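Here is the structure we will look at, set down as structure tokens.
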Amino acid sequence: MAKLEDYAKTDRQREAIKVWERCGRNAAKAAGILDISPSTMRDYVSITKNTAAAAGFSDAWDATVHVPEGEYVTGRSIYLEDDSGNKAWLKTRRKLETAEKEQALKAFVDQMNSQVKQAKKTPKPSAKGKSKDLLPTIIIGDAHIGMRADASETRGRNFDSKIASGEILEAIDYLVDAAPAAEHAMLINVGDFTHIDRAIPYPQTANGTPMDSDTRIELIMRKAADTMIHSITRMLEKHSKVSVVMARGNHDSETTIAIAMILAYRYEKEPRVTILEPHGFFTYTTFGKNLIAITHGDKAPGRRLADMLPRLNVWSNTSHRYWILGHFHSKLAEQYDNSVVLERFGTLAPADGWHASKGYCSPSIMNQIVYRRSGGIAIRHEYEIPGKDYEPDHEI
């Protein structure tokens, strides 16, 4: 027989619902046992009830008993008759309201933050010899943490969350070592850092496209957050300050906000780190004569992006203007007639089963661009993630 706890999205929510039930559904008492706030406890209950209702389960009526094994409820049909006697079945599907999404996101971040230690203020590395005129910028292409790929099927690399994180950190180590001694550095995630945005009723992107996933959403989120934390820690060893940009992708629009919130909590007491809040889908920053704009690349074509920058009030104070994008899984650089340079960076993930079947393949390269305060690019570094050579299936 189905129970409310069966519809919890995470292990933490499931534990909370069990304790809440044992406490006679008293949120304050359950919150005290779990050492969380009563509002967080109520969020857990509300989210789980909403998920259960969408699947056909409630305290009053369990519709799931009528569903064959291996299937799940996707909506509801109501038999209606109007004033004229016309009869019809009306099929409905419950819409998750914005407030519910925000509530779910807040509860999820609260859960993640309960497992994240805040970084303490750390001493700056010696400022001696550190340039204020250079800005090393590490760009993380579409990472797709949580994607699963089997090398025997794709003829590429095996891939899962653990592998993805390890490859990123190896690239970070190389690029930090290669960076010039500069006071300030920037870390840019161009979006699609995680492969999926939600897991109910199946692993899917922000747009609802089904995806292969290697594990549960909470574990993907934890691995993604840990990867960013380790990357920032490594950069702090060399630079006095680090600014972090988290672009929202089409695979991970909501989880990006959650990860940014987790990082903001982590570094709340560390003045050396600035986590830029992903308010929308475009981020603008300046460094001397450089205007650097970041977006995932799925919202607007290049020409429109180039035309957006002259509208900014900092346009006249800059001489070099750049767009940094991901999304297309391939590298491209274009310069427009208004001097804007648009650069697209490729994915760090190998092809999954679907992309491999279509013949898509590209090298996985992480980039570092070092900007010059007086305008322009001083240095570039690349780190290519090693591939794998395969023998033919048959030799005669």
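Which pairs have Cβ atoms under 6 Å, sit 6 or more apart or on different chains, and link a residue in segment 233-258 that is farther than 15 Å from A127 by Cα and of a type in the set (A, V, I, L, M, F, W, C) to one that is open to solvent by 10 Å² or more (accessible area, probe 1.4 Å) and in a loop (DSSP other than H, G, I, E, B)?
If the second residue must be open to solvent by 10 Å² or more (accessible area, probe 1.4 Å) and in a loop (DSSP other than H, G, I, E, B), the pairs left are M246/P278; I257/P278.
Testing Y371 on (1) in contact with a helix residue (DSSP H, G or I) (Cβ under 8 Å, 6 or more places away or on another chain); (2) within 22 Å of A247 (Cα to Cα), one condition comes back false. Which one is that?
It is condition (1) that Y371 fails.
Based on this model, can you work out whether S319 counts as touching a Gly at 6+ places or on another chain (Cβ under 8 Å), touching a residue at least 24 places away in the same chain (Cβ under 8 Å), over 19 Å from L134 (Cα atoms) and polar (S, T, N, Q)? Reasoning before the result, please.
Working: touching a Gly at 6+ places or on another chain (Cβ under 8 Å): yes; touching a residue at least 24 places away in the same chain (Cβ under 8 Å): yes; over 19 Å from L134 (Cα atoms): no; polar (S, T, N, Q): yes.
It is false that S319 is touching a Gly at 6+ places or on another chain (Cβ under 8 Å), touching a residue at least 24 places away in the same chain (Cβ under 8 Å), over 19 Å from L134 (Cα atoms) and polar (S, T, N, Q).
Determine the pairs where a residue that is touching a residue at least 24 places away in the same chain (Cβ under 8 Å), located within segment 370-393, has a partner that is surrounded by 15 or more Cβ atoms within 10 Å (Cβ to Cβ) and among the acidic types (D, E) with Cβ atoms under 9 Å apart, the partner being 6 or more residues away or on another chain.
Listed by first residue and then by second, the contacts come to I385/E167.
Keeping to segment 299-335, report how many residues are part of a loop (DSSP other than H, G, I, E, B), farther than 25 Å from T194 by Cβ and open to solvent by less than 40 Å² (accessible area, probe 1.4 Å).
Count: 1.
Can we say S131 is small (G, A, S), without any contact (Cβ under 8 Å) to a residue 60 or more places away in the chain and open to solvent by 10 Å² or more (accessible area, probe 1.4 Å)? Steps first, please.
Working: small (G, A, S): yes; without any contact (Cβ under 8 Å) to a residue 60 or more places away in the chain: yes; open to solvent by 10 Å² or more (accessible area, probe 1.4 Å): yes.
Against the criterion (small (G, A, S), without any contact (Cβ under 8 Å) to a residue 60 or more places away in the chain and open to solvent by 10 Å² or more (accessible area, probe 1.4 Å)), S131 qualifies.
Just checking, how many residues over segment 28-49 are surrounded by 17 or more Cβ atoms within 10 Å (Cβ to Cβ) and either within 18 Å of D6 (Cα to Cα) or at pLDDT 90 or above (or both)?
Residues that pass the stated criteria total 8.
Of everything in segment 283-316 that's within 27 Å of L236 (Cβ to Cβ) and free of Cβ contacts under 8 Å to residues at least 40 places away in the same chain, which residue is nearest to the chain's Cα centre (by Cα)?
Filtering segment 283-316 for residues that are within 27 Å of L236 (Cβ to Cβ) and free of Cβ contacts under 8 Å to residues at least 40 places away in the same chain, the one nearest to the chain's Cα centre (by Cα) comes out as T283.
Which of the residues spanning segment 221-241 are modelled with pLDDT of 90 or more and among the aliphatic types (A, V, I, L, M)?
A224, A225, M228, I229, I232, M235, L236 - these are the residues of segment 221-241 that are modelled with pLDDT of 90 or more and among the aliphatic types (A, V, I, L, M).
For the structure I just gave you, tell me whether T205 is among the hydroxyl-bearing types (S, T, Y), more than 18 Å from I262 (Cβ to Cβ) and touching an Asp or Glu at 6+ places or on another chain (Cβ under 6 Å).
Considered against the rule, which asks whether it is among the hydroxyl-bearing types (S, T, Y), more than 18 Å from I262 (Cβ to Cβ) and touching an Asp or Glu at 6+ places or on another chain (Cβ under 6 Å), T205 comes out as yes.
Taking T255, is it surrounded by fewer than 19 Cβ atoms within 10 Å (Cβ to Cβ), within 28 Å of E237 (Cβ to Cβ) and among the β-branched types (V, I, T)?
On the way: surrounded by fewer than 19 Cβ atoms within 10 Å (Cβ to Cβ): no; within 28 Å of E237 (Cβ to Cβ): yes; among the β-branched types (V, I, T): yes.
Against the criterion (surrounded by fewer than 19 Cβ atoms within 10 Å (Cβ to Cβ), within 28 Å of E237 (Cβ to Cβ) and among the β-branched types (V, I, T)), T255 does not qualify.
Please specify each residue of segment 143-193 satisfying the condition of being among the acidic types (D, E) and surrounded by fewer than 24 Cβ atoms within 10 Å (Cβ to Cβ).
So the first thing to find is which residues in segment 143-193 are among the acidic types (D, E), and the list is 150, 153, 160, 167, 170, 173, 177, 183, 192.
Hits for segment 143-193 are D150, E153, D160, E167, E170, D173, D177, E183.
Would you tally the residues in segment 194-244 being in contact with a His (Cβ under 8 Å, 6 or more places away or on another chain) and open to solvent by less than 10 Å² (accessible area, probe 1.4 Å)?
The total comes to 8.
All but one of (1) part of a helix (DSSP H, G or I); (2) modelled with pLDDT of 95 or more hold for S152, so report the exception by its number.
(2)
Considering only residues that are without any contact (Cβ under 8 Å) to a residue 12 or more places away in the chain and under 18 Å from G141 (Cβ atoms), which ones fall in segment 322-346?
The one that is without any contact (Cβ under 8 Å) to a residue 12 or more places away in the chain and under 18 Å from G141 (Cβ atoms): A333.
Can you name every residue in segment 377-396 that is of a type outside the set (V, I, T), in a loop (DSSP other than H, G, I, E, B) and more than 29 Å from the chain's Cα centre (by Cα)?
Let us first name the residues in segment 377-396 that are of a type outside the set (V, I, T), namely 378, 380-384, 386-395.
Checking the rest, the ones that are also in a loop (DSSP other than H, G, I, E, B) come to 386-395.
The answer is D389, Y390, E391, P392, D393, H394, E395.
Of the residues I379, I369, which single one is out of contact with any Gly (no Cβ under 7 Å at 6 or more places or on another chain), open to solvent by 10 Å² or more (accessible area, probe 1.4 Å) and modelled with pLDDT of 95 or more?
None of the other options fit; the residue is I379.
Do you know which residues across segment 343-366 are crowded, with 17+ Cβ neighbours inside 10 Å and touching a Pro at 6+ places or on another chain (Cβ under 9 Å)?
Matches in segment 343-366: G346, A356, S364.
Report yes if Y79 is assigned to a strand (DSSP E or B) and modelled with pLDDT under 75, otherwise no. Don't jump to the end; show me each part of the working.
Values: assigned to a strand (DSSP E or B): yes; modelled with pLDDT under 75: yes.
It is true that Y79 is assigned to a strand (DSSP E or B) and modelled with pLDDT under 75.
The values are calculated or read from the model by the stated rules, or taken from the named source; none is laboratory data. Worth saying up front: this structure is predicted, and the values here are computed from it rather than measured. For neighbour counting, all protein chains shown are included, and Cβ atoms are generated from backbone atoms with ideal geometry for every residue, glycine included. Side chains are part of the model used for accessible areas, which takes the heavy atoms of the whole protein and leaves out ligands, DNA and RNA. Shrake-Rupley method; radii C 1.70, N 1.55, O 1.52, S 1.80 Å.
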